[in-house]
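Following: one structure in structure tokens, then a few remarks.
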Amino acid sequence: MNLTRKISVLLEMIKFKLTIFAMPFAFTGAFLAADGVPDLLVFMWIILAMVGARTSAMGFNRIIDWKFDAANPRTVKRAIPAGEVNLKEAWLMVIIAALLFFISCYQLNRLTLLLSPLALGLSFFYSLTKRFTSFCHLVLGVALAFAPLGGWVAVRGSLTEFPFALSLGVLFWVAGFDTVYGCLDVDYDRKAGLYSLPSRLGPQKAFRVAVVFHLLAFLLFTVTGVQMGLNYFYFLGLAITAAALFYQHLIVSPTDLSRIHASFFSMNGFISITIFCATWLSLATS
């Protein structure tokens with residue numbers, strides 16, 4: 001396999017395009033901290049830090065779970081169990097991406113660098129949680145909640161005045177969609193002795209929990225807007241976000257998961273971009 005093809009396989013293995021889930025929230029934190037568009041160099045390092053963190057964390061996830069992936073009919077064709085990527089290659093990607101993350105954090109400021117091991121460590125830790133707790137979805141939410149916090153600290157070098165409601169909103173938004181996504185593996189998780197809310201509660205109850213998580217997320221995003229004094233553009237974006245969240249739960253049900261990929265991939269990317277754009281417009285017109 002030539003180098004170009006290998007890189008393509010590696011990027012597909014970690015679903016690189018889904019970096020779009022967390023990246024806009026890092027931008028949201030950065031724009032709020034700068035009260036507008038941050039310095040271009042800071043913005044560049046934030047992008048590189050996010051790419052490094054997610055690439056490293058997803059690579060670690062694929063490595064640590066490859067035996068489970070090989071035994072699960074849904075994931076057996078992933079790159080490592082399919083033999084397209086070996087463990088040495090995957091580990092090399094994880095290490096290079098982690099170095100990119102830490103170098104980027106170093107280039108930003110001292111507090112960003114000090115927080116970086118915790119942020120990446122939590123992302124790695126999530127990959128282990130399905131082995132012992134059904135609340136793994138919340139752990140993933142905590143890991144991604146570092147995105148807006150990291151964006152803020154990258155600009156200000158301080159947590160002073162950071163709207164923690166924004167990070168909590170991200171936490172419950174992520175926990176909600178990951179709970180729904182976990183319904184795809186209920187039977188396998190139970191057979192393999194893995195933990196998740198769907199495998200513990202059953203898909204119907206898990207869907208209800210996901211609705212509660214998303215309601216909490218919406219309320220916390222609303223609190224963020226009020227706390228930061230954002231204008232009607234932000235709240236218009238929140239109305240669109242609410243519609244997107246409702247649509248997610250409308251097109252997928254515990255008895256029909258056939259459209260879950262449209263719900264998981266398309267709508268969640270749309271939601272994060274919408275909240276960022278709404279924040280940007282609000283700051284630009286205030």
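The values are calculated or read from the model by the stated rules, or taken from the named source; none is laboratory data. Owing to the predicted nature of the structure, the values given are computational and were not obtained by experimental measurement. Reconstructed Cβ throughout: ideal geometry from the backbone, glycine too, with neighbour counts over all protein chains shown.
Scan the stretch 243-286 for residues that are in contact (Cβ under 8 Å) with a residue 60 or more places away in the chain, among the hydroxyl-bearing types (Ser, Thr, Tyr) and in contact with a Phe, Trp or Tyr (Cβ under 7 Å, 6 or more places away or on another chain) and jot them down.
Passing the criteria: 272, 279.
For the structure I just gave you, tell me whether residue 31 is among the aromatic types (Phe, Trp, Tyr) and either farther than 26 Å from residue 277 by Cα or part of a loop (DSSP other than H, G, I, E, B) (or both).
no
Would you point out which residue out of 229, 237 is modelled with pLDDT of 95 or more, farther than 21 Å from residue 209 by Cα and not in a helix (DSSP H, G or I)?
Every option except 229 fails the conditions.
What about residue 186, is it touching a helix residue (DSSP H, G or I) at 6+ places or on another chain (Cβ under 6 Å) and in contact (Cβ under 8 Å) with a residue 60 or more places away in the chain?
It is false that residue 186 is touching a helix residue (DSSP H, G or I) at 6+ places or on another chain (Cβ under 6 Å) and in contact (Cβ under 8 Å) with a residue 60 or more places away in the chain.
Tell me, which helices (runs of 4 or more DSSP H) wholly within the stretch 46-143 include 3 or more residues that are buried (at least 20 other Cβ atoms within 10 Å of the Cβ) and modelled with pLDDT of 95 or more?
So the answer is 87-108, 110-129.
Return yes or no: is residue 189 under 17 Å from residue 145 (Cβ atoms) and among the charged types (D, E, K, R)?
No; evaluated as a whole, the condition is false for this residue.
Given the conditions (1) more than 23 Å from residue 22 (Cβ to Cβ); (2) polar (S, T, N, Q); (3) buried (at least 16 other Cβ atoms within 10 Å of the Cβ), and given that residue 255 satisfies all but one, which numbered condition is not satisfied?
For residue 255, the failing item is (3).
Scan the stretch 123-149 and report the pairs whose first residue is within 24 Å of residue 159 (Cα to Cα) and whose second residue is assigned to a loop (DSSP other than H, G, I, E, B), with Cβ atoms within less than 6 Å and a gap of 6+ or a chain change.
Short answer, once both residue conditions are applied: 144/22; 147/22.
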